[in-house]
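What follows is one structure encoded as structure tokens, with my remarks underneath.
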Amino acid sequence: MPLLDTQNLTVSLTQDGIETPLVRDVSFSVERGETLAIVGESGSGKSVSSLAIMGLLAKALQIQSGRILFEGRDLRTLDDEALRQMRGRDMSMVFQEPMTSLNPVRSIGSQIIESIEENLGFSRSDARARAIDLLKEVGVADAERRLKQYPHHFSGGMRQRVMIAIALAAEPKLIIADEPTTALDVTIQAQILDLMARICKDHGTALILITHNLGIVARYAQRVNVMYGGRIVESGDARAIYNAPRHPYSEGLLRSVPRLDQDRSIPLKPIQGSPADPFTSISGCRFHPRCPYATHICKQEVPPFTAGVACHFPLTADALESAS
Amino acid sequence: MLGYILRRLVGAVLVMLAVATLVFFMIRLVPGDPIAAMLADAGSQEAREAMTRRLGLDQPVIVQFFYWFGNMLQGDLGASIYGSNQPVMKILMEALPKTLSLALISFLIAITIAIPAGIIAATRKNSAADVGVSLFAFLGLSMPDFWLAIILIIVFAANLQWLPAIGYAPLADGFWPWLSHLILPGIAIGTGFSAIIARMIRSSMLEVMQADYMRTAASKGLTQRVVLMRHAFPNALIPVITVIGIAFALLISGAVVVENVFSIKGLGRVLIQGIQNRDYPVVQGAVLLISAFFVLTNLVVDLLYAVIDPRIRYS
């Protein structure tokens, strides 16, 4: 049994009585200790699906259909209290914005300690000791003193380390990291991702790494889901997709970021057009208006998801070779 | 920190000296004079002149000013030129505890209503409770405090006879006599302020509840109650403190009218009578005291910021 099994998840935004699906029929699973990457542009539905798993969707967002099984239990059948108890204890989250994700008027220590007290039932002094250990583990030097400090005393990278310590506080089985490095300096990004990878390995924690950079995925994740317009368009082994993407969108994502293992003379190629707007209906494949390979069938029929890709004309390794 | 407080206190003294100067000249711009107020048409020309001389009002205004200003700097606010000629300091010190008591009770009533009302309205946005709070705030702001005071007297003092209608009992007479005289005027003044503060808390809470750190707090598995009271409310309080501070100082001006309705001889009443009688020294002294109250409240509010928000440090 996988740790997390999401089946046909559909999440809609209800606004002025109109329902707009943001996540459409998404299915994926995460094994214990595994790292799964979810890759896509802004608005592809990757954050919304992770918030749905955490039970933290805003009021206007609702799960329309599908199941989210965590260790076999369907989270949609649980009440608010049971869901609350799972948060922190079974799964936790590292958010995108370390600058605003910590409460500015409470000390770093109190924000870590409250999670330990709530989820592990530790006494104040035990929780404090554990908070110091956690800070040391995530690489915050002089942990004892820094415990008393406030978020504004910390740099962005350091705050993200604190967020990781909070996420780790109750030894959850799953951590969801929603673009944890997007707001950080490039030099810090690798440090934070290496830290997360090491910690998840040491603790046997499963990780869902949400990112828009398909380039970093191969290094940190075993498997990857590429999302576009609320759907998974390609799914499979991270390295395989990195080396030979089959969906034109995955290819576009890879060509738009520099690669160290490639000739620098190959120019970066942006994906034409703008991301699919969930409020406009697009017939057929939602990527077709931007797809260089689109034909008339792509405008008419939604491509079925078969053999790890949702495309009428999946790329082959040869096609990729000749295109570059 | 200590240096900051000292600098602020020096600033406060300068503000008060400016206020004193302004008030001295402004009260003299009010038509009429003390002699006319006291003697009306009764006194002869000689009596008027004698009184004018006795009160020093025959001197040029600028001479009067420096005379008064010099005495004030030595702590002598002069004596009332009306009736028993009591020293102004004595009049003010008798009135001050009454007004402070009234301000304190009004303030407590205001925040006791406003804090839960604001939090409930924010957490159950657009619910019946929220609409109820909005309605209460609308009514509370619309009702003039003197009108509410009269209604309260009619209902709770005259008809139900639960509470005294007028007067004041010092704390030395016991807690309940003191409190019972302050409940009705406290409600009359406090209702309007609770409406303002409740609305502030509501909008401030709504804003804070959108913050990223609220989502972080929820992701830790904290209960809704802990998330709200530990992470939302203290942060929401930061802008509200300013309003509460101003409101607290404004309670004094609310007291001016309400004290009259309830016949409490507090600062408000002293001030109004002083103005009616053109009792220059009393008006000057009372305004000086009220401005001191404003300035000190502002200082306390600024210091409170640093207590609530660790990002603010004074040096």
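The values are calculated or read from the model by the stated rules, or taken from the named source; none is laboratory data. Note that the structure is predicted; figures quoted are calculated from it, not measured. Please note: Cβ atoms are built from the backbone with ideal geometry, for glycine as well, and neighbour counts cover all protein chains shown. To get the accessible areas, we keep the full protein, side chains included, count just its heavy atoms, and leave off ligands, DNA and RNA. Shrake-Rupley method; radii C 1.70, N 1.55, O 1.52, S 1.80 Å.
Quick notes on this one:
- Any hit, the stretch B:66-73, residues being within 25 Å of the chain's Cα centre (by Cα) and either at pLDDT 80 or above or in the same structural domain as B:Tyr280 (by TED's automatic domain parsing) (or both): yes
- Restricting the first member to the stretch B:80-109 and to residues that are not assigned by TED's automatic domain parsing to the domain that holds B:Ala249, and the second to residues that are aromatic (Phe, Trp, Tyr), the beta-carbon pairs closer than 7 Å and six or more apart or on different chains are B:Ile81/B:Tyr280.
One line per residue, one yes/no per condition, for (1) in contact with a strand residue (DSSP E or B) (Cβ under 7 Å, 6 or more places away or on another chain); (2) open to solvent by less than 40 Å² (accessible area, probe 1.4 Å):
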site	(1), (2)
A:Thr10	yes, yes
A:Gly45	yes, yes
A:Arg67	yes, no
A:Arg73	no, no
A:Met91	yes, yes
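- Scanning the stretch A:268-314 for residues that are touching a helix residue (DSSP H, G or I) at 6+ places or on another chain (Cβ under 6 Å) and buried (at least 17 other Cβ atoms within 10 Å of the Cβ) gives A:Ile271, A:Gly284, A:Cys285, A:Phe287, A:His288, A:Cys291, A:Ala294, A:Cys298, A:His312.
- Of all residues in the stretch A:277-310 being in contact with a strand residue (DSSP E or B) (Cβ under 7 Å, 6 or more places away or on another chain) and not aromatic (Phe, Trp, Tyr), the one that is modelled with the lowest pLDDT: A:Pro278
- Matching residues, the stretch B:206-252, being touching a strand residue (DSSP E or B) at 6+ places or on another chain (Cβ under 7 Å) and closer than 28 Å to B:Val300 by Cα: none
- Test: residue in the stretch A:97-108 that is outside any loop (DSSP other than H, G, I, E, B), modelled with pLDDT under 95, more than 9 Å from chain B (Cβ to nearest Cβ) and crowded, with 21+ Cβ neighbours inside 10 Å: yes
- Residue among A:Ile175, A:Ile132 that is within 14 Å of another protein chain (Cβ to nearest Cβ), out of contact with any Cys (no Cβ under 6 Å at 6 or more places or on another chain) and either touching a residue at least 40 places away in the same chain (Cβ under 8 Å) or more than 24 Å from A:Thr35 (Cα to Cα) (or both): A:Ile175
- Selection status of A:Ser235, more than 14 Å from every other protein chain (Cβ to nearest Cβ), open to solvent by 30 Å² or more (accessible area, probe 1.4 Å) and of a type outside the set (Lys, Arg): yes
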